[in-house]
1. State the percentage of accessible surface on region 116-324 attributable to carbon and sulfur atoms; use a 1.4 Å probe and exclude ligands, DNA and RNA.
2. Place a +1 charge on the Cβ of each Lys and Arg in region 277-354 and a -1 charge on the Cβ of each Asp and Glu, then give the dipole magnitude about the Cα centre in debye, rounded to the nearest 20.
3. Dimensions of region 207-333 along principal axes (Cα, Å, largest first)?
4. What number comes out for accessible area per residue over region 116-324 if the probe is 1.4 Å? Units Å², please.
5. Report, as a whole number in µm² per second, the diffusion coefficient that Stokes-Einstein gives for region 116-324 at 25 °C and 0.890 mPa s using the Kirkwood radius over alpha carbon pairs.
6. On a C-alpha basis, how far is the centre of region 263-333 from the centre of region 171-218 in Å? Whole number, if you could?
7. Within region 345-403, what whole-number % of the accessible surface is contributed by carbon and sulfur, with the 1.4 Å probe and all protein chains included in the calculation?
8. Efficiency by 1/(1 + (r/R0)^6): what FRET value for Q225 and N129, r their Cβ-Cβ distance, R0 = 41 Å, to the nearest 0.05?
Amino acid sequence: MSRCAQPSGRYSPTQLRFPRFRQNQNYKTQSTLCWPCTHLLPPSLRPPCSISGHRTRENPKGQRRKCRMKLKMKMQKIGARIGPKKGCDCPKLLLAVLSPLSHNVKMAIPMNKLCGLVAATFTPMTQENEINISVIGQYVDYLVKVQGIKNIFVNGTTAEGISLTVEERKLLAEEWIKQGKDKLNHVIIHVGSLSIEESKQLAIHAAKCNASGIAVISPFFFKPQSIEALTECLQEVASAAPSIPFYYYHIPEFTGVSLNVVELLDGIEKRIPTFQGVKFTSSDLLDFGQCVHKFKDRFTLLYGKDELLLSAIVLGASGAVGSTYNYMGSLCNKMLTYAERGDYDSAREHQAVIQEFIGSMSRLGFGVAENKATMTLVSGIPLGPPRLPLLKCNEEKQAKILATLKTLRILT
Ligand SMILES: CC(=O)N[C@H](C=O)[C@@H](O)[C@H](O)[C@H](O)CO
Ligand SMILES: CC(=O)C(=O)O
């Protein structure tokens, strides 16, 4: 698993140990529009005269440099630069710039590529099942300081995103982004919904809030029956927020949509210029392995089964998104460090603890309710009960979870 550059350009001690992570130093910190494509910009973004320096009515003296400077400054405003054709991001950049939502929006290409561990956050609720945003600041600090987690995935499965109203989802997105500012590297907002229109609204909102990216699950009542149908659904949502990176969230166990991801990825950037990667929550390591093998240079491939992460790392996962990183992030970071050093015996020991925990939780009936109770037990942050249709984790189960956490020394 590779780790990526911090926005500041500095690296944390663990990240420095990862050779593939260091390669990412070269990751673009700015998006590039090539000179030939500058003429496709709207007139307001173009210099008032030809960039070639030819004399025109608007540019009687043929002032080439002055015009270039003006254009450069305009591009800087949207977080981009002008550069050579090689390595340019023209399609993405032009889409973002030409979008009606583009004013004052920074560019789609992430400042730093998403990798390493991403915690799928729980949604804090009061005992009355209302959203409780008051503990989100404390939650972010806990993730960063205690678990060494710098990326979050908001309003997903763990967060019961699908059971929340659009207004609640917007409020949560705003609060997580606000609290994560200058503390977290990436805040990805899940905007999937049964209604594509609702998804689009959420995507537009996430972009306005400066989310690091959006993710979308497949619709799951009326299901897309083909790669083409799924691509159209994703394209529709992505095009509503052309200024931010887009991730497909593959979770067939929940959506019932098990179309092969490797087939979906083939040529997807032509349909979705902001396509950035996949959050792959399935134990189909054949499909995942093929995705990595064919697309790792183009896309970010995040694995989502915490109990199988070590296998996914061996296959070349870019990172991982999971619920247990909320409270076993530091344990899992240690596993990654061992794996990166090539010490697979120690890495396996750590994966075994995680498997032991998830295995024993599964025997208890491990769902978001039990998971949420575990996070409350480990972190001390009151996260409250889940929402219906999920039932609260009862006291007896909580006692068993606590005992397991202690036996495995996850909680001391
Ligand atoms: C269904 C679900 O919530 N999957 C999570 C992420 O996608 C995982 O983090 C699991 O909770 C974890 O792997 C335990 O099975
Ligand atoms: C685990 C995860 O990624 C989610 O809760 O959506």
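1. Numbers: 3940 of 7640 Å².
Carbon plus sulfur share of accessible area: 52 percent.
2. Values: 8 positive and 9 negative charges, 50 e Å.
Rounded to the nearest 20 debye, it is 240 debye.
3. Largest first, region 207-333 extends 38, 33, 31 Å along its Cα principal axes.
4. Details: 7640 Å² over 209 residues.
That works out to 37 Å² per residue.
5. Values: Rh = 17.0 Å.
Here the translational diffusion coefficient equals 144 µm²/s.
6. 19
7. Summing carbon and sulfur atoms, their accessible area is 56 percent of the total for region 345-403.
8. Working: r = 36 Å, r/R0 = 0.87.
Given R0 = 41 Å and the Cβ-Cβ separation, E is 0.70.
The values are calculated or read from the model by the stated rules, or taken from the named source; none is laboratory data. Bear in mind that the values here come from a model prediction, so they are computed numbers and not experimental data. Don't worry about glycine lacking a Cβ; one is built from the backbone with ideal geometry, like all the others, and counts go over all protein chains shown. For the accessible areas, the whole protein counts, side chains as well, though only heavy atoms, and no ligand, DNA or RNA atoms are used. Shrake-Rupley method; radii C 1.70, N 1.55, O 1.52, S 1.80 Å.
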